[in-house]
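Down below is the structure, laid out as structure tokens.
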Amino acid sequence: MKNLAMDLPGLNLKNPIMPASGCFGFGREYSEFYDLGELGAVIMKAATGSERFGNNTPRVAETSSGMLNAIGLQNPGVEKIIETEVPFLESFNVPIIANVAGSTVEEYIAVAETFNQTDKVNALELNISCPNVKEGGIQFGTDPDMAANVTRLVKQVSNLPVYVKLSPNVSDIVAMAKAVEVAGADGLSMINTLSGMQIHLPSKRPLLANKTGGLSGAAIKPVAIRMIYEVKQQVSIPIIGMGGITSAEDVLEFLLAGASAVAVGTANFHNPFICPELIEALPEVLYKYGFSSVEAAIGKGVPSYG
Ligand SMILES: Cc1cc2nc3c(=O)[nH]c(=O)nc-3n(C[C@H](O)[C@H](O)[C@H](O)COP(=O)(O)O)c2cc1C
């Protein structure tokens, strides 16, 4: 079955599988394992206005159920990314999504505007949800008015489709989704990591230098599925789903909950071949559960959606 293709705003996906932001860098290391052109798209590591070195180490920890990270948006800055990383990715036949971050609204706007000046990027993913940045990125992701405001302002300076990446660290995810939809978002990305913490027993101190970090991996999949399920019933823009995907069955579960494509994060660290393996395995899983295409499965696990 060949029918893995999916069209989303700005993105002609040959299949619905893409690596999630921050878990794939800019693809250089993974390109030594396989042809990045096999992927549906690539979502780049977050870009900020200028270079960021991120948080102090240790900034990654394995827990008994998932991984904690507090990288703190380490990246070379938007100009450098456009100069060196985008041309590298462009050499593969793969849509490129730029992940936009910042500490202030002005920084988000400046980064989006800079990406808009190149014709090499297909869409923006607005990371209003990074829980690990002291300067306050999180407020954008937890306050519907602030989320709507930054979305609206970015839309004003960019012709690129904007996917707003939602934080799960809220009590009402539907309110966040609706607010950014009204503000002009073309799609949603969900979910980012769940705020968590681990304490190192011998030192009786937090394991991460940042104290708290974002939990990712299989442990957060049920949270992601629940949130996508809730949002899909209330919002009409497409959703790129993510959070703990490790198998083609997981991908189908995200589609059934309402995602139109998926991103794979933490699993890339365990198995660098996970994305091509999922692309290979998905047709059989779709067929096994009675679907002739990716499109046919979207939202089919949501009774009220049909
Ligand atoms: C080490 C690490 C770095 C991340 N960096 C970013 C980032 O720069 N921008 C972003 O929007 N999300 C970032 N994320 C969140 C992932 O893109 C993804 O939303 C999250 O990890 C859930 O998916 P997963 O459980 O498959 O990893 C990062 C996650 C990890 C584990």
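The values are calculated or read from the model by the stated rules, or taken from the named source; none is laboratory data. Keep in mind it's a predicted model, so treat the numbers as computed, not measured. Counting neighbours? That spans all protein chains shown, and the Cβs are built from the backbone with ideal geometry, glycine included. These area figures cover heavy atoms from the full protein model, side chains too; ligands, DNA and RNA do not enter into them. Shrake-Rupley method; radii C 1.70, N 1.55, O 1.52, S 1.80 Å.
Please tell me if residue 172 is more than 12 Å from the ligand (Cβ to nearest atom), modelled with pLDDT of 95 or more, touching a Gly at 6+ places or on another chain (Cβ under 8 Å) and over 22 Å from residue 3 (Cβ atoms).
Answer is no for this residue.
Please report, ordered by residue number, the strands (runs of 3 or more DSSP E) entirely within segment 1-105 with at least 1 residues that are at pLDDT 95 or above and within 30 Å of residue 295 (Cβ to Cβ).
Qualifying strands (runs of 3 or more DSSP E): 6-8, 11-13, 17-19, 96-100.
If you go through segment 158-169 one residue at a time, how many are open to solvent by less than 40 Å² (accessible area, probe 1.4 Å) and more than 14 Å from the ligand (Cβ to nearest atom)?
Looking only at segment 158-169, we keep the residues that are open to solvent by less than 40 Å² (accessible area, probe 1.4 Å), and these are 158, 160-168.
Retained after the next criterion (residues that are more than 14 Å from the ligand (Cβ to nearest atom)): 158, 160-161.
Final tally of qualifying residues: 3.
Which residues, counting only those in segment 1-26, are closer than 21 Å to residue 247 by Cα and over 14 Å from the mean Cα position of the chain (by Cα)? Outline the logic, then answer.
The initial filter retains those residues of segment 1-26 that are closer than 21 Å to residue 247 by Cα, namely 1-6, 13-24.
Matches in segment 1-26: 1, 2, 3, 4, 5, 6, 13, 14, 15.
Any residue that is assigned to a helix (DSSP H, G or I), modelled with pLDDT of 95 or more and within 22 Å of residue 254 (Cα to Cα) - is there at least one of those in segment 149-168?
No, segment 149-168 contains no residue that is assigned to a helix (DSSP H, G or I), modelled with pLDDT of 95 or more and within 22 Å of residue 254 (Cα to Cα).
Determine whether residue 245 is farther than 24 Å from residue 11 by Cα, open to solvent by less than 10 Å² (accessible area, probe 1.4 Å) and within 9 Å of the ligand (Cβ to nearest atom). Steps first, answer last, please.
Details: farther than 24 Å from residue 11 by Cα: no; open to solvent by less than 10 Å² (accessible area, probe 1.4 Å): yes; within 9 Å of the ligand (Cβ to nearest atom): yes.
No; evaluated as a whole, the condition is false for this residue.
Would you please name the residue that is surrounded by the fewest Cβ atoms within 10 Å (Cβ to Cβ), looking only at residues in segment 96-114 that are of a type in the set (A, V, I, L, M, F, W, C) and farther than 23 Å from residue 177 by Cβ?
At the first step, the residues of segment 96-114 found to be of a type in the set (A, V, I, L, M, F, W, C) are 96-98, 100-101, 105, 109-112.
When the remaining residues are screened for being farther than 23 Å from residue 177 by Cβ, the result is 96, 110.
Values: 96: 22, 110: 18.
Checked segment 96-114; the qualifying residue surrounded by the fewest Cβ atoms within 10 Å (Cβ to Cβ) is 110.
Where the second residue is at pLDDT below 95 and open to solvent by 20 Å² or more (accessible area, probe 1.4 Å) and the first is basic (Lys, Arg) and lies in segment 223-245, which pairs have Cβ atoms under 9 Å and are six or more apart or on separate chains?
Between residues of segment 223-245 that are basic (Lys, Arg) and residues that are at pLDDT below 95 and open to solvent by 20 Å² or more (accessible area, probe 1.4 Å), the close pairs are 232/305.
Only one of (1) open to solvent by 40 Å² or more (accessible area, probe 1.4 Å); (2) assigned to a helix (DSSP H, G or I); (3) touching an Asp or Glu at 6+ places or on another chain (Cβ under 9 Å) fails for residue 225. Which number is that?
Going through the list (1) open to solvent by 40 Å² or more (accessible area, probe 1.4 Å); (2) assigned to a helix (DSSP H, G or I); (3) touching an Asp or Glu at 6+ places or on another chain (Cβ under 9 Å), residue 225 breaks only (1).
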